[in-house]
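Working notes for the structure below.
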Amino acid sequence: MPEQRTATISLLVDNEAGVLARVIGLFAGRGYNIDSLTVAAVDDARQQSRINIVTSGTPMVIEQIKAQLDRLVPVHKVADLTQLGAHVAREMALVKVVASGEPRVESLRIADAFRARTVDTTPGSFVFELTGSIDKIDAFIALMRPLGLAEVSRTGIAALARGQNTIQQ
Amino acid sequence: MMGQPQSGAEILLRALEEQGVEVIFGYPGGAVLPIYDALFQQNALRHILVRHEQAAVHAAEGYARSTGRVGVVLVTSGPGATNAVTGLVDALMDSVPVVCLTGQVPTHLIGNDAFQEADTTGITRPATKHNYLVKRAEDLARVIHEAFHVARSGRPGPVVVDLPKDILIGPAPYRSKPESAHRTYRPRTVPDAGAICAAVTALKRARRPIVYAGGGVINAGPEASRRLTHFVRRTGFPCTNTLMGLGSFPASDPHFLGMLGMHGTYEANLAMHGSDVMLNIGARFDDRVTGRLAAFSPGSLKIHADIDPSNINKNVAVDIPIVGDAAQVLAALIEAWEADPEPAEAIDDWWQQIETWRGKDSLRFTQRKNPDALIKPQYAVRRLYELCRESGRDVFISTEVGQHQMWAAQHFRFERPNRWMTSGGLGTMGYGLPAAMGVQVAHPDALVIDIAGEASILMNIQEMGTLAQYRLPVKVFILNNQYMGMVRQWQELLHGSRYSESYSAALPDFVKLAESFHAKGLRASCLGELDDVIREMLDTPGAVIADIAVDPAENCYPMIPSGAAHNEMILGPEQAERAASVTDEGLMLV
């Protein structure tokens, strides 16, 4: 079995009805994985949205995913950020911890170490806001679990290539 | 006409006219009444009223594949659209350019579970190359032009345009075909020069080359077939065709090895298996062709030219990918071949080897010659072919799906492209009759024959009514073995001859059935009657059903059992026990 790899793929698409359904439907219909997905309008003038997908598969499958995405009529550009070189990928998470006493203090201490912001406080709970790589957020959540982790909401990643390269090129 | 504002329906028809549409296959209903009203008031567009919307799409496919033009379908909302879905997927799988216009409930009712509402764009999203829902009148003309562009360019395919009734009734502005390129959709047609050069270098060094050409060559237009023929004759390479590619290379040419794949010839499959350089043009390494992937042509350097980049490296890893239109790829290959000073390797030994394989005569069958003998289905197709050829007419063949389809592919020989219409990718029983109908509409004077099975033909038999209404002289040639033959064959070979639900019980009397639809009905029950029935069928000016009773026990050979490799073919019943050795993994395949 060839090795699996993770790929961060960014798409520039026409901001039209059903475009996200086309992308998701392609992944569902052909049995590809979606580990993370974000979508938002990025260019009002051109009516374009950007979709960022983290997926995994053998190199042949990743190539196939990109070719299939490129075939969709409203897709302008498909960029495999993982393959193109260094890129930054960031995700935001809101993490609710329900705790009192020592675990409550400990959760605040860890949040501080992770540079998380406390966006809601009650005597029995915190909501932390944290931005970073997927790994960093995973690590933070793992640390919060024994301290009273109650709920997590994550955005999925936003990603850009490092340096002067843009998806338009 | 130019002065006053036109309705959406009128704008729609104007756009169709500008796109060169002459014929629409359709069926009316509430949501498309404005279009039918506009059709009633004009003479430029001809409408063929089918008896079921699935047949409308297959008819458009037959029209498209026999002419190279876009086939056009018009159906109503809800059930009209859902009935069309099988045809759309069929066109998607076989890369047939079709534009399907579907009615929709008015925009303000969309999402309210209105009468005859269906989420047509949702349902057809994975069934089409692309689809549109027109929500604003000002988009209508642009979307229609775009739909035709998407359907016919790149790898062709079906496109749905969903048309809410208020858009059709209200006024809409007209826009002409755009001059500029589409903002995102720009399929690559011109191949990369470096890849062509690398391909020619590899082909010149080949000692055991093979050209494997598919439906992409036919889709690229008749010039692509001429170039393929020229290239193969110039290089002296052997050439095989996929099911979809039949006709892209003349079957009578000695370089032709016949069809390859599951029911392909021994020489084609062994040449694929033993080749050292394989040139795939416009084919997609389908599982019917490759057999067990791990054992597929293990020693060859693979060159793959396809207009759809997603076909490259999908099933089989290739060494030299070429993205481009088959006609342009072939032109570039021919030019580079002539420009390259290197002499090609001698391939006489390879041909000698191929001739030994060819000597096996893998399509052989035994027809007893006494007049009361059972007719072998292969013999019936051979005689049909020979008598068609004697007639000297331009002959178009469509098929349904199953054993008869494979026998037609093996024994009817095609010299030219666009003469062979069959459902390859989806394998849609019921394709052949409506497809033949579409072919006959496009070629009123040609001889159009649907080679059918008695089970498949019943899936769209209602289209006999359409043949009658428009006096379309389609000939339906039924190889009647009283079984869903291919199902029965697999049950015999793989499921201990337990013929579960594969017997065609309670068949109609096809002669009377033909007569009730105002056509001629003929029957051949034994060998002595066969030629007369075929002759009478060919000589009849109108539509005919010829019910040919064939040997119900005959199986389709040669065969690569599922999960087996090209060099593990079963040549005939004497080797059928080999199928019993199919692995559990093979059993899971279809």
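On the stretch given as the stretch A:70-84, residues that are at pLDDT 95 or above, more than 9 Å from chain B (Cβ to nearest Cβ) and open to solvent by 60 Å² or more (accessible area, probe 1.4 Å) total 0. For the stretch A:16-42, a residue qualifies if it is out of contact with any Phe, Trp or Tyr (no Cβ under 9 Å at 6 or more places or on another chain), touching a residue at least 24 places away in the same chain (Cβ under 8 Å) and either of a type in the set (Asp, Glu) or within 12 Å of chain B (Cβ to nearest Cβ) (or both), and the qualifying residues are A:GLU16, A:VAL19, A:LEU20, A:ARG22, A:VAL23, A:PHE27, A:ARG30, A:ASP35. Listed by position, the strands (runs of 3 or more DSSP E) inside the stretch B:181-260 whose residues that are surrounded by fewer than 24 Cβ atoms within 10 Å (Cβ to Cβ) number at least 1 are B:256-259.
Would the stretch B:77-95 turn up any residue that is in contact with a helix residue (DSSP H, G or I) (Cβ under 9 Å, 6 or more places away or on another chain), within 12 Å of another protein chain (Cβ to nearest Cβ) and surrounded by fewer than 19 Cβ atoms within 10 Å (Cβ to Cβ)? Checking the stretch B:77-95: not a single residue is in contact with a helix residue (DSSP H, G or I) (Cβ under 9 Å, 6 or more places away or on another chain), within 12 Å of another protein chain (Cβ to nearest Cβ) and surrounded by fewer than 19 Cβ atoms within 10 Å (Cβ to Cβ). Please go through the stretch B:126-136 and give me each residue that is open to solvent by 20 Å² or more (accessible area, probe 1.4 Å) and part of a helix (DSSP H, G or I), ordered by number. The one that is open to solvent by 20 Å² or more (accessible area, probe 1.4 Å) and part of a helix (DSSP H, G or I): B:PRO126.
Quick check on A:ASP14: is it over 20 Å from A:THR155 (Cβ atoms), open to solvent by 30 Å² or more (accessible area, probe 1.4 Å) and touching a strand residue (DSSP E or B) at 6+ places or on another chain (Cβ under 9 Å)? No; evaluated as a whole, the condition is false for this residue. Among the residues making up the stretch B:276-295, a single one is over 24 Å from the mean Cα position of the chain (by Cα), over 14 Å from B:ALA206 (Cβ atoms) and open to solvent by less than 30 Å² (accessible area, probe 1.4 Å): B:ALA295. Every condition in (1) under 18 Å from the mean Cα position of the chain (by Cα); (2) more than 14 Å from A:LEU26 (Cβ to Cβ); (3) assigned to a strand (DSSP E or B) is met by A:THR82 except one, and the failing one is (3).
Residues in the stretch B:379-411 that are within 17 Å of B:LEU538 (Cβ to Cβ) and hydrophobic (A, V, I, L, M, F, W, C): 9 in all.
What's the total number of residues in the stretch B:356-368 that are open to solvent by 90 Å² or more (accessible area, probe 1.4 Å) and closer than 21 Å to B:ALA409 by Cα? The qualifying residues number 3.
This table checks each residue for (1) small (Gly, Ala, Ser); (2) modelled with pLDDT of 95 or more; (3) open to solvent by 20 Å² or more (accessible area, probe 1.4 Å); (4) closer than 18 Å to A:ILE24 by Cβ.
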position	(1), (2), (3), (4)
A:VAL42	no, yes, yes, no
A:PRO59	no, no, yes, no
A:LYS66	no, yes, yes, yes
A:VAL105	no, yes, yes, no
A:ARG145	no, yes, yes, no
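In this structure, is A:GLU106 more than 30 Å from A:TYR32 (Cα to Cα), touching a residue at least 12 places away in the same chain (Cβ under 8 Å), of a type in the set (Asp, Glu) and assigned to a strand (DSSP E or B)? Please lay out each step first, then the result.
Working: more than 30 Å from A:TYR32 (Cα to Cα): yes; touching a residue at least 12 places away in the same chain (Cβ under 8 Å): yes; of a type in the set (Asp, Glu): yes; assigned to a strand (DSSP E or B): no.
No; evaluated as a whole, the condition is false for this residue.
In the stretch A:140-169, the residues that are assigned by TED's automatic domain parsing to the domain that holds A:PHE128 and part of a helix (DSSP H, G or I) form Cβ pairs under 9 Å with partners that are of a type in the set (Ser, Thr, Tyr) and open to solvent by 70 Å² or more (accessible area, probe 1.4 Å), at six or more places apart or across chains, as follows: A:GLY148/A:SER100.
Being outside any loop (DSSP other than H, G, I, E, B), modelled with pLDDT of 95 or more, open to solvent by less than 50 Å² (accessible area, probe 1.4 Å) and not polar (S, T, N, Q): is that true of B:LEU493 here? Explain how you work it out, then say what you get.
Working: outside any loop (DSSP other than H, G, I, E, B): yes; modelled with pLDDT of 95 or more: no; open to solvent by less than 50 Å² (accessible area, probe 1.4 Å): yes; not polar (S, T, N, Q): yes.
Against the criterion (outside any loop (DSSP other than H, G, I, E, B), modelled with pLDDT of 95 or more, open to solvent by less than 50 Å² (accessible area, probe 1.4 Å) and not polar (S, T, N, Q)), B:LEU493 does not qualify.
Return the only residue of A:ARG22, A:ARG30, A:ARG50 being open to solvent by 40 Å² or more (accessible area, probe 1.4 Å) and not aliphatic (A, V, I, L, M).
Details: A:ARG22 fails: open to solvent by 40 Å² or more (accessible area, probe 1.4 Å); A:ARG50 fails: open to solvent by 40 Å² or more (accessible area, probe 1.4 Å).
Only one candidate qualifies: A:ARG30.
Here is a check on your reading of the model: is B:ASP450 open to solvent by 10 Å² or more (accessible area, probe 1.4 Å) and either not aliphatic (A, V, I, L, M) or not in a loop (DSSP other than H, G, I, E, B) (or both)? When the stated conditions are applied, B:ASP450 does not pass them.
Please determine, by comparing only the residues of the stretch B:144-166 that are over 20 Å from the mean Cα position of the chain (by Cα) and open to solvent by less than 10 Å² (accessible area, probe 1.4 Å), which one is nearest to B:GLY215 (Cα to Cα). So that I can check it myself, show each step before the final result.
To start, the set of residues in the stretch B:144-166 that are over 20 Å from the mean Cα position of the chain (by Cα) comprises B:144-147, B:149, B:161-166.
Applying the additional criterion that residues be open to solvent by less than 10 Å² (accessible area, probe 1.4 Å) yields B:144-145, B:147, B:161-164.
Numbers: B:ILE144: 26, B:HIS145: 25, B:ALA147: 22, B:VAL161: 26, B:ASP162: 29, B:LEU163: 32, B:PRO164: 35 Å.
Residue satisfying both the conditions and the ranking: B:ALA147.
The values are calculated or read from the model by the stated rules, or taken from the named source; none is laboratory data. Just so it is clear, the model here is predicted, and its values are computed rather than measured. We place every Cβ from the backbone using ideal geometry, glycine too, and count neighbours over all the protein chains shown. Just so you know, the surface numbers come from the protein's heavy atoms only, side chains and all, with ligands and any DNA or RNA stripped out. Shrake-Rupley method; radii C 1.70, N 1.55, O 1.52, S 1.80 Å.
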